[in-house]
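Novice: Dumping the structure here so I can ask a few things about it.
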Amino acid sequence: MTELADTVTGTQVSVALLVDLPADRLWELVTDVGRYGEWSPECVGTEWLADAGGRPPRLGDRFVGHNRLGPPGDLVESSVVCVVTHATAPRSFGYAVLDGHGRPASLWRFELTPADRPDQTRLWHGFEHGPGETWGRLRAADAPAEWAQRLVQLRRNMTTTLAAMLAGVSHREVRTA
């Protein structure tokens, strides 16, 4: 039996914005994991595990994310453990979503960099598919068009999440290289 090439691991989707907030204030928003359920079309709630809540996130902190995706009558619900992989205030925050075997299924990251004005920050938000087991990995081989559509949906949902997170704050999408 021939192994299929892994066309999923490393797949990336990203959004870049110029935000009219200083980096420290934007950092407070992107690291407020407890509010992800308010902002995201997919994530319906989160909670920190152990004593990680109530303080700035640190490497290795864990939280559970509860997700819901799909049309009414065909909803898929899941709860996943996530581990903080980047936490450098106020520049970088990221976490890995673990599969059922503890492998990174997806990697999510926020990068904050200075803009031309001190009250502005460039925000890059990215998704990368990891080596873990996911619906996307299963569908990519059997239904590549569905996987491609899922990537479009991910980017749209990332944009929606950032717009909700930044409600009332001036921001605009920018091109990335």
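Novice: Can you tell which of Gly94, Gly126, Gly132 is in contact (Cβ under 8 Å) with a residue 12 or more places away in the chain and outside any strand (DSSP E or B)?
Specialist: The match here is Gly132.
Novice: Out of region 100-148, which residues are of a type in the set (Phe, Trp, Tyr) and within 26 Å of Ala89 (Cβ to Cβ)?
Specialist: Selection gives Trp108, Phe110, Trp124, Phe127.
Novice: Continuing with this model, one more query. Please count how many residues of region 154-177 are in a loop (DSSP other than H, G, I, E, B) and either under 21 Å from Arg109 (Cβ atoms) or in contact with a helix residue (DSSP H, G or I) (Cβ under 9 Å, 6 or more places away or on another chain) (or both).
Specialist: Result for region 154-177: 7.
Conditions (1) at pLDDT 95 or above; (2) closer than 20 Å to Val83 by Cα, marked per residue:
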{"site": "Ala96", "(1), (2)": "yes, yes"}
{"site": "His101", "(1), (2)": "yes, yes"}
{"site": "His125", "(1), (2)": "yes, yes"}
{"site": "Glu128", "(1), (2)": "yes, yes"}
{"site": "Ala145", "(1), (2)": "no, no"}
{"site": "Arg156", "(1), (2)": "yes, no"}
{"site": "Leu162", "(1), (2)": "yes, no"}
{"site": "Met165", "(1), (2)": "yes, no"}
{"site": "Thr176", "(1), (2)": "no, no"}
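Novice: Let me ask you something else. Among the candidates Gly102, Gly65, Gly73, Gly94, single out the residue that is in contact with a Lys or Arg (Cβ under 6 Å, 6 or more places away or on another chain) and of a type outside the set (Val, Ile, Thr).
Specialist: Gly94 is the lone residue from the list that is in contact with a Lys or Arg (Cβ under 6 Å, 6 or more places away or on another chain) and of a type outside the set (Val, Ile, Thr).
Novice: For the subset of region 156-177 comprising residues that are within 13 Å of Leu17 (Cα to Cα) and of a type in the set (D, E, K, R), which member is surrounded by the fewest Cβ atoms within 10 Å (Cβ to Cβ)?
Specialist: For region 156-177, the residue satisfying everything is Arg175.
Novice: Further question: Which one of these is part of a helix (DSSP H, G or I) and within 13 Å of the chain's Cα centre (by Cα): Leu151, Leu138?
Specialist: Selected residue: Leu151, the only one of Leu151, Leu138 that is part of a helix (DSSP H, G or I) and within 13 Å of the chain's Cα centre (by Cα).
Each row is one residue, and each column tells you yes or no for (1) at pLDDT below 95; (2) over 18 Å from Arg156 (Cα atoms).
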| position | (1), (2) |
| --- | --- |
| Thr7 | yes, yes |
| Glu28 | no, yes |
| Thr31 | no, yes |
| Leu69 | yes, no |
| Pro90 | no, yes |
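Novice: A further question on this structure: What are the residue pairs meeting all of these: first residue in region 8-20, first residue closer than 27 Å to Ala141 by Cβ, second residue part of a loop (DSSP other than H, G, I, E, B), Cβ atoms under 6 Å, and 6 or more apart or on different chains?
Specialist: Thr9/Pro131
Novice: Could you tell me whether any residue of region 38-49 is modelled with pLDDT of 95 or more, among the hydroxyl-bearing types (Ser, Thr, Tyr) and over 30 Å from Arg175 (Cα atoms)?
Specialist: Yes, because at least one residue in region 38-49 is modelled with pLDDT of 95 or more, among the hydroxyl-bearing types (Ser, Thr, Tyr) and over 30 Å from Arg175 (Cα atoms).
Novice: Right, next: Can you spot a residue in region 32-54 that is surrounded by fewer than 14 Cβ atoms within 10 Å (Cβ to Cβ), in contact with a Pro (Cβ under 7 Å, 6 or more places away or on another chain) and not in a helix (DSSP H, G or I)?
Specialist: Scanning region 32-54 turns up no residue that is surrounded by fewer than 14 Cβ atoms within 10 Å (Cβ to Cβ), in contact with a Pro (Cβ under 7 Å, 6 or more places away or on another chain) and not in a helix (DSSP H, G or I).
Novice: Can you give me the number of residues within region 47-66 that are of a type outside the set (A, V, I, L, M, F, W, C) and farther than 15 Å from Gly94 by Cα?
Specialist: Residues in region 47-66 being of a type outside the set (A, V, I, L, M, F, W, C) and farther than 15 Å from Gly94 by Cα: 6 in total.
Novice: Go through region 36-89 and give me each residue that's over 13 Å from the mean Cα position of the chain (by Cα) and of a type in the set (D, E, K, R).
Specialist: Glu38, Glu47, Asp51, Arg55, Arg58, Asp61, Arg62, Arg68, Asp74, Glu77
Novice: Something else: In this structure, is His101 more than 25 Å from Asp24 (Cβ to Cβ) and either part of a strand (DSSP E or B) or in contact with a helix residue (DSSP H, G or I) (Cβ under 6 Å, 6 or more places away or on another chain) (or both)?
Specialist: Judged against the criteria, His101 is not a match.
The values are calculated or read from the model by the stated rules, or taken from the named source; none is laboratory data. What you are looking at is a predicted structure, and each value in this text was computed from that prediction instead of being measured. Cβ sites come from the backbone with ideal geometry, for glycine too, and all protein chains shown count toward neighbours.
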